[in-house]
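> I am attaching a structure below and will ask some questions about it afterwards.
Every number in this text was worked out from the coordinates using simple rules, so none of it is lab data. The structure presented is a predicted model; accordingly, all values stated were derived computationally and were not measured. Virtual Cβ from ideal backbone geometry, glycine too; neighbours counted across all protein chains shown.
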Amino acid sequence: MGIEIKDILSKKILSEATGYLDIGFTHSLNPYSGCAFSCKYCYVREMPIQKFKEIPWGEWVDIKTNAAENYQSEIIKLRQKNKTVNIFMSSATDPYQPIERKANITRSLLEAMISNPPDLLQIQTRSPLITRDLDLLVALKESCEVLVSMTIETDREDMKQIFAPYAPGIQLRIKALKELHEAGLATQAAVSPVLPFTSDFPSLLEGIVDRIWIDTMNIGDGSMGKRSKRLGMPQLFEAHGLSEWFQRDIHIRVEKYFKKYFPQEMIHVSKNEAFPNTNS
């Protein structure tokens with residue numbers, strides 16, 4: 001799959017949190033536009049950023065080359081107004097998609113945050129590349145609350161291949177999560193969205209996460225499942241004989257299952273919100 005890469009200058013890097021992110025976050029931060037992981041269920045496919053693009057989702061990435069400079073100037077202004085800054089990175093891209101290896105936009109943002117830290121930073125990714133920045137993350141947690149959330153929708157590689165063939169392997173993500181946790185960082189496994197998994201799934205997460213976030217295509221796509229339907233997710237589940245996993249109450253069943261293995265306070269379930277309030 002060829003990907004069109006462009007350097008762009010963004011007007012702003014911090015966007016005010018609205019809608020499903022307005023649950024403890026004040027801002028979202030997307031170092032890139034577009035995402036090479038191209039997960040088939042990604043709700044961003046149905047948002048204006050993609051709707052008005054002629055190039056298909058997953059085949060273009062814009063690099064916000066001035067992201068760190070924008071962050072520095074924007075947070076200074078927010079601090080002058082005594083504003084709380086709780087950042088979700090990222091809501092519409094993956095901050096550690098492949099281009100980050102060369103572009104280092106996310107790394108430059110973390111360096112800027114060490115100079116001017118937010119109050120809270122949650123990083124949402126599905127890439128083990130995040131372990132490259134362990135040095136910065138460990139340094140940053142001395143001055144602000146840091147939560148690393150790794151998307152692990154399933155423990156089955158065959159399911160990942162159906163729904164997210166270009167995303168990193170599940171075992172690589174679990175290994176990265178373990179490394180992050182052992183480094184003293186707060187970690188979360190985002191079972192988001194829930195994909196079919198084996199009975200061993202909870203045991204793979206034991207001892208390497210502080211929180212588990214459960215989300216589905218019906219409650220986590222920002223439109224109560226309408227975007228997922230437009231993306232053909234019911235048909236994709238059905239084509240592989242998986243329709244029982246697309247039930248509207250699947251989050252309740254998965255929550256009940258995980259609570260057999262983890263304390264209740266570790267389990268958080270989306271309530272028509274795509275991401276958790278880390279202060280809850």
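> Does any residue of segment 223-243 turn out to be surrounded by 15 or more Cβ atoms within 10 Å (Cβ to Cβ), closer than 26 Å to SER91 by Cα and in contact with a Leu (Cβ under 7 Å, 6 or more places away or on another chain)?
The answer is no, given that none of the residues of segment 223-243 is surrounded by 15 or more Cβ atoms within 10 Å (Cβ to Cβ), closer than 26 Å to SER91 by Cα and in contact with a Leu (Cβ under 7 Å, 6 or more places away or on another chain).
> Run down ALA176, ALA190 and say which single residue is out of contact with any His (no Cβ under 9 Å at 6 or more places or on another chain), crowded, with 21+ Cβ neighbours inside 10 Å and touching a residue at least 60 places away in the same chain (Cβ under 8 Å). Break it down into steps so the answer makes sense when it comes.
Values: ALA176 fails: touching a residue at least 60 places away in the same chain (Cβ under 8 Å).
Answer to the selection: ALA190.
> I'd like to know if segment 243-262 contains one or more residues that are small (Gly, Ala, Ser) and at positive phi.
No, the conditions are met nowhere in segment 243-262.
> Sticking with this one: If you check ALA189, ALA176, which single one turns out to be within 19 Å of PRO95 (Cβ to Cβ) and in a strand (DSSP E or B)? Break it down into steps so the answer makes sense when it comes.
Working: ALA176 fails: in a strand (DSSP E or B).
Of the residues listed, the single one that is within 19 Å of PRO95 (Cβ to Cβ) and in a strand (DSSP E or B) is ALA189.
> Name, by its number, the condition in (1) under 19 Å from the mean Cα position of the chain (by Cα); (2) outside any loop (DSSP other than H, G, I, E, B); (3) not hydroxyl-bearing (Ser, Thr, Tyr) that does not hold for ALA68.
Result: ALA68 fails condition (1) only.
> Can you tell me which residues in segment 193-209 are within 21 Å of GLY232 (Cβ to Cβ) and surrounded by fewer than 17 Cβ atoms within 10 Å (Cβ to Cβ)?
none
> Further question: GLU54 passes all but one of (1) in contact (Cβ under 8 Å) with a residue 12 or more places away in the chain; (2) closer than 15 Å to GLY2 by Cβ; (3) of a type in the set (D, E, K, R); which number fails?
Status for GLU54: all satisfied but (1).
> Another question, then. Report, by residue number, each residue of segment 133-149 that is surrounded by 18 or more Cβ atoms within 10 Å (Cβ to Cβ) and closer than 20 Å to ALA189 by Cβ.
ASP133, LEU137, LYS141, VAL146, LEU147, VAL148, SER149
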